[in-house]
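Working notes, beginning with the structure itself.
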Amino acid sequence: QVQLVETGGGLVQAGGSLRLACAASGGTFSRCVMGWFRQAPGKVREFVAAISWVGGGITAYADSVKGRFTISRDNAQNTVYLQMNDLKTEDTAVYYCAARLGAYLVRSDDYDYWGQGTQVTVSS
C-alpha cells in the first residue's frame with residue numbers, strides 16, 4: 001500500500017511558476033511509475049505527466065504542458081515533483097499524484113494509488 005500526499009498548490013498569476021511535490025510512503029516508491037493528473041471544474045480528469053523508474057527516468061507529457069512542465073523524482077526522498085512554468089489560466093485544476101506498480105508509462109488513469117489532490121489556480 002502506497003500513501004501519497006501532494007503539496008505546493010496555490011494561487012499564481014498567469015506566466016508564473018509553481019512546483020508541486022508528492023511524498024510517498026508505505027510502499028516501494030522506487031519501483032513505481034509516478035504520474036500527475038489534473039481535473040478542472042466540470043471536466044474529466046486528464047493526464048499531465050509521468051515518470052518511470054527505468055531508463056534513467058523515462059518521462060511522458062501531455063501536449064498541453066510539454067515544454068512548460070517538468071516531472072522529476074527523488075527516490076532517496078520518495079518524492080516526485082512537477083515543476084510548472086509559464087502557467088496559463090487553463091492550467092487551473094486540482095492536481096493529483098498517482099503511483100502505478102510496474103515500469104511502463106501509462107497515460108490513462110489506470111494507476112494503483114492516488115493522492116488527495118492539491119488546488120492550482122492561475123489568475124489572469
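How much accessible area per residue does segment 1-61 have, counting only protein heavy atoms and a probe of 1.4 Å, in square angstrom?
Values: 2920 Å² over 61 residues.
So segment 1-61 comes to 48 Å² accessible per residue, rounded to a whole number.
Between Asp112 and Asp86, the contour length at 0.36 nm per residue exceeds the alpha carbon distance by 6.3 nm. Taking a sphere under 13 Å around the Cβ of Ala14 and counting the other residues whose Cβ falls inside, with K and R at +1 and D and E at -1, yields a net charge of -1. Only protein atoms count toward the accessible area here, which uses a 1.4 Å probe; on the chain, the carbon and sulfur part of that area reaches 48 percent. The peptide list 94-102, 116-124, put in order of mean Cβ contacts within 10 Å with the highest first, becomes 94-102, 116-124. Each Cα pair under 8 Å and six or more residues apart adds its sequence gap; the mean of these over the residue count of segment 70-124 is a relative contact order of 36 percent.
Where the centre of each part is set by its Cα atoms, how far does segment 1-38 sit from segment 56-75, in angstrom? First find each Cα centre; the distance between them is then 12 Å. Net charge of the neighbourhood of Asp91, taken over other residues with C-beta under 10 Å away and scored Lys/Arg +1, Asp/Glu -1, is +1.
The values are calculated or read from the model by the stated rules, or taken from the named source; none is laboratory data. As the structure is a computational prediction, the values presented were derived from the model and not from experiment. Cβ coordinates were reconstructed from backbone atoms using ideal geometry, including for glycine residues, and neighbour counts include every protein chain displayed. Note: accessible area is taken over every heavy atom of the protein model, side chains too, but ligands, DNA and RNA are not part of it. Shrake-Rupley method; radii C 1.70, N 1.55, O 1.52, S 1.80 Å.
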